[in-house]
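**Student:** Can you keep this structure in mind? I'll have questions shortly.
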Amino acid sequence: MLISACSSEDVSDRYVGYVEAEWVYVAAPQSGWLISPSVEEGSTLVSGEVLFQLDTDQQVGQLAEAVARTSQAAAQAKDIDSGARPAEINALLAQQQQAEARLVLAESERDRVAPLVAKGVLSNNRGDQVVAEFEASLAAVDAAKEAVNVAMLAGREQAQLGAAAAYESAQATQTVAQWRLEQRTVHTLIDARVEQVFQRQGEFVNAGSPVVALLPSNGLKVRFFMPQAKLPSLTVGQSIEVFSDGSSMPLTANISYISAVAEFTPPVIYSAEVRDKLVFMVEASLPSNTELNPGLPVDVSLQ
């Protein structure tokens, strides 16, 4: 009788629960064909390891096109900033020299004819003609100099701004193309165990479709139900002990969630002592790399 009473007291201090897993479903960010072998179920991964790869033919082509457009935009911006080519400037300088030579000739002719017109040897019309030719030659020299100066200048401000904007747009397109190519290789962002592989090499994957289910190293928790009379003794962060079959030492877990809504005893019940009572669901996070399987029944002690 004493042994029976002691055993009954020990059991009454424990509550029955089960191990629950918080799965992480890794989906394909884009549609495509799986070209690399998927990871094997049960394998352990560390953050950064490759989970699967999609075909990259289209993305490689898009990146090459974006790189070419960036180079084109850069060349056009540089061309606008640098002004005319040296050969074009040399041609304009030659035209300027020709205009200056004609100016020297027109000035000499004007100086020769002017005294003769004053003496009446030549008509006034001839004098007007040489003056007009001199002024035209002078204007031609000024125009040639201005053409050279304009050729040496960069493009207009608005043209420069437009070329710079086109270059920035091409760079952004290249960045997006590079990002899309990198997204064809999917890595795990957490330390985890591969629990299930939904699609394998050679299959077509739609964007957003899960390919692999992972169990994070800290993804296990204990879920149990507490009678409403015991609820005031629980707090979030409180430590509890978890007992499982086949384990000689209990595990320590921390309460992470206490339901605010009461419910009746769940239909799957492991203890007749809590039957037909009003209970609250409680969850406690288990330590990382706990070797317990989801769904395993456990006993919980509040210490």
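Residue-wise test of (1) farther than 30 Å from SER169 by Cα; (2) without any contact (Cβ under 8 Å) to a residue 40 or more places away in the chain.
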| position | (1), (2) |
| --- | --- |
| GLN76 | no, no |
| LEU92 | yes, no |
| LEU105 | yes, yes |
| GLU109 | yes, yes |
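**Student:** Yes or no: VAL130 outside any loop (DSSP other than H, G, I, E, B) and under 30 Å from ARG184 (Cα atoms)?
**Tutor:** So VAL130 fails the test.
**Student:** Does ARG200 satisfy the criteria of being under 30 Å from LEU63 (Cα atoms) and either in contact with a helix residue (DSSP H, G or I) (Cβ under 6 Å, 6 or more places away or on another chain) or among the acidic types (Asp, Glu) (or both)?
**Tutor:** When the stated conditions are applied, ARG200 does not pass them.
**Student:** Looking only at region 175-196, decide whether some residue is in a strand (DSSP E or B), of a type in the set (D, E, K, R) and modelled with pLDDT of 90 or more.
**Tutor:** Within region 175-196, one or more residues are in a strand (DSSP E or B), of a type in the set (D, E, K, R) and modelled with pLDDT of 90 or more.
**Student:** Got at least one residue in region 222-241 being within 18 Å of TYR25 (Cβ to Cβ) and crowded, with 17+ Cβ neighbours inside 10 Å?
**Tutor:** No, region 222-241 has no match at all.
**Student:** Can you tell me which residue is farthest from ARG102 (Cα to Cα) among those in region 118-150 that are among the β-branched types (Val, Ile, Thr) and touching a residue at least 24 places away in the same chain (Cβ under 8 Å)?
**Tutor:** Residue satisfying both the conditions and the ranking: VAL148.
**Student:** Can I ask one more? With ALA143, ALA213 as the choices, which residue is at negative phi and in a helix (DSSP H, G or I)?
**Tutor:** Working: ALA213 fails: in a helix (DSSP H, G or I).
The match here is ALA143.
**Student:** Answer with yes or no whether SER71 is over 21 Å from the mean Cα position of the chain (by Cα), at pLDDT 90 or above and surrounded by fewer than 14 Cβ atoms within 10 Å (Cβ to Cβ).
**Tutor:** So SER71 fits the description; yes.
The values are calculated or read from the model by the stated rules, or taken from the named source; none is laboratory data. Source: prediction; values computed, not measured. Cβ sites come from the backbone with ideal geometry, for glycine too, and all protein chains shown count toward neighbours.
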